[in-house]
Amino acid sequence: MFTEEALQVIEQAISEQGILASSEKKDNYARVWSRDSMMTGIMGILIKNPIIVEGLEKSIKTLSVHQAENGQIPSNVYGNKASYGTLVGRTDATIWWIIGACEYIKHTQDQELKQNLKEKIDKAFSCLKTWEFNQRGLLYSPLGGNWADEYVTSGYVLYDNVLRYWALKNAAGVYQDDEWNAQAEQTKHLIEINFQKNNSADVKYHQTAYKKANGKPYLWASLNANGYDERFDLAGNALAVFLGFDLNMKDFTPFLETLNGEFGHWMLPVFYPVIFPEDSDWNLLENNYSYEFKNQPYHFHNGGSWPIYLGWLCLGLKRRGYHEIPEKILNQYEQLLKEKGSGFREYYSTDQLIPSGTDQLCFSASGYLLMKA
């Protein structure tokens, strides 16, 4: 229904440097962001759109030119300026770049680019290895160190580690590297035994915290030295479902139905439960922003609904043979686009379904196309 509009939003955001987060000149969105351009480009591969795939190639090359000495890929690039994060660095930018580069090489069989990027991918993985800090296999992210840059998760974050698995698996396939493949399987195993209650006899990262953690119908959001953050991270879980992680779907899908019942719609929150001013974690939210405070309850990362991650959720569920919930999510989103305008805004508030954030966002247009894929 809105396929052409979504494609138009993305194609208007493709520049000589690559795919911009948005064609709208607001804050710092008119830049080539690693996570935004890679997700949009991967979606372009899935729907076999040559214009978007070409934009992905430009994005990969632009970001690679600005790779830091330690192997880190920029969070975003604007002209000749690269940013690696402002208040804190971004761990997921480097990982998304590896994923996107390998998806592009697999799709195009571009042998020259494959050869040219090998050393850069090696350096990127070396950088990620140093971010373990304890050489035990899981990546450690600082507060605000990924896409949810104004939120409260930190430490061994589900989302970042699931992405690292995808990057290792992709690179292992492209370069026929047994060591990367072994690291990928070890990363997957560590996530599966440390982010949910299970019967594995393997030693846990944090035995004391693990014993105290409550079983949930999803993978926990993060693990830190002070224990588990048992919140629901929709992005991390959606990608885990998509990538085939061991997750009890007979518990997971009823949980999604429960969220639908609580909120009264299918624009599910990206993090749950919502944090309110009287909650202990509010102090981690209230000063963590660069331009303006966006994380009021039910907004932005604090319970807002992001079409991009609902898109990955739909794709993952369909891959597992669950089609009913994806259809409901797609119908809900199309209804909102019809009623409240099809500008593909950044997110929706989950209390009143108000379209909010930046307009003409490739993230949201890509989310819609992922739902349709």
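Scanning the range 35-51 for residues that are within 13 Å of Ser15 (Cβ to Cβ) and either open to solvent by less than 10 Å² (accessible area, probe 1.4 Å) or over 18 Å from the mean Cα position of the chain (by Cα) (or both) gives Ser37, Thr40, Ile51. When the residues of the range 167-208 are filtered to those that are among the small types (Gly, Ala, Ser) and without any contact (Cβ under 8 Å) to a residue 24 or more places away in the chain, which remaining residue is most open to solvent (accessible area, probe 1.4 Å)? The selected residue is Ala201. Among the candidates Leu370, Leu310, Leu353, Leu315, the residue that is open to solvent by 10 Å² or more (accessible area, probe 1.4 Å), more than 23 Å from Val88 (Cα to Cα), under 19 Å from the mean Cα position of the chain (by Cα) and aliphatic (A, V, I, L, M) is uniquely Leu315. Reported count of residues in the range 228-252, each being over 13 Å from the mean Cα position of the chain (by Cα), open to solvent by 20 Å² or more (accessible area, probe 1.4 Å) and more than 18 Å from Gln296 (Cα to Cα), is 8. Checked across the range 353-361, the condition of being under 14 Å from Val9 (Cβ atoms), touching a residue at least 40 places away in the same chain (Cβ under 8 Å) and not in a loop (DSSP other than H, G, I, E, B) holds for at least one residue. Only one entry in Lys294, Lys338, Lys318 is more than 20 Å from Ser222 (Cβ to Cβ) and either among the aliphatic types (A, V, I, L, M) or in contact with a helix residue (DSSP H, G or I) (Cβ under 6 Å, 6 or more places away or on another chain) (or both), namely Lys318.
Each row is one residue, and each column tells you yes or no for (1) touching a His at 6+ places or on another chain (Cβ under 9 Å); (2) at pLDDT below 95; (3) among the charged types (D, E, K, R).
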{"position": "Trp180", "(1), (2), (3)": "no, no, no"}
{"position": "Gln186", "(1), (2), (3)": "no, no, no"}
{"position": "Glu192", "(1), (2), (3)": "no, no, yes"}
{"position": "Lys197", "(1), (2), (3)": "no, no, yes"}
{"position": "Ala201", "(1), (2), (3)": "no, yes, no"}
{"position": "Thr208", "(1), (2), (3)": "no, no, no"}
{"position": "Lys211", "(1), (2), (3)": "no, no, yes"}
{"position": "Ser222", "(1), (2), (3)": "no, no, no"}
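Looking across the range 112-143, the residues that are open to solvent by 60 Å² or more (accessible area, probe 1.4 Å) and within 24 Å of Phe195 (Cα to Cα) come down to Lys129, Thr130, Phe133, Gln135, Arg136, Tyr140, Leu143. Looking across the range 193-223, the residues that are over 19 Å from Tyr159 (Cα atoms) and among the hydroxyl-bearing types (Ser, Thr, Tyr) come down to Ser200, Thr208. In the range 1-27, which residue that is among the polar types (S, T, N, Q) and over 19 Å from the mean Cα position of the chain (by Cα) is nearest to Leu117 (Cα to Cα)? That would be Gln17. Kindly provide the set of residues from the range 296-327 that are hydroxyl-bearing (Ser, Thr, Tyr) and part of a helix (DSSP H, G or I), ordered by number. Selection gives Tyr309 alone.
The numbered conditions (1) more than 29 Å from Asn226 (Cβ to Cβ); (2) surrounded by 20 or more Cβ atoms within 10 Å (Cβ to Cβ); (3) of a type in the set (S, T, N, Q) are all true for Gln109 except (2). Can you spot a residue in the range 331-338 that is touching a Leu at 6+ places or on another chain (Cβ under 7 Å), at pLDDT 95 or above and assigned to a loop (DSSP other than H, G, I, E, B)? No: the range 331-338 contains no residue that is touching a Leu at 6+ places or on another chain (Cβ under 7 Å), at pLDDT 95 or above and assigned to a loop (DSSP other than H, G, I, E, B). Of the residues in the range 63-86, at least one is open to solvent by less than 30 Å² (accessible area, probe 1.4 Å), in contact (Cβ under 8 Å) with a residue 12 or more places away in the chain, under 20 Å from Thr40 (Cβ atoms) and assigned to a helix (DSSP H, G or I). Taken over the range 12-34, residues that are open to solvent by 30 Å² or more (accessible area, probe 1.4 Å), under 22 Å from Ile99 (Cβ atoms) and in a helix (DSSP H, G or I) amount to 0. Out of the range 267-296, which residues are surrounded by 15 or more Cβ atoms within 10 Å (Cβ to Cβ), free of Cβ contacts under 8 Å to residues at least 12 places away in the same chain and under 12 Å from Val152 (Cβ atoms)? Within the range 267-296, Trp282 is the sole residue that qualifies. The number of residues in the range 87-105 being open to solvent by 10 Å² or more (accessible area, probe 1.4 Å) and either of a type in the set (Gly, Ala, Ser) or over 17 Å from Tyr29 (Cβ atoms) (or both) comes to 5.
The values are calculated or read from the model by the stated rules, or taken from the named source; none is laboratory data. All of these numbers come straight from a predicted model, not from anything done at the bench. Ideal geometry is used to build each Cβ from the backbone, glycine not excepted, and the neighbour counts take in all protein chains shown. Each accessible area value is taken on the protein alone, full model and side chains, heavy atoms only, with ligands, DNA and RNA left out. Shrake-Rupley method; radii C 1.70, N 1.55, O 1.52, S 1.80 Å.
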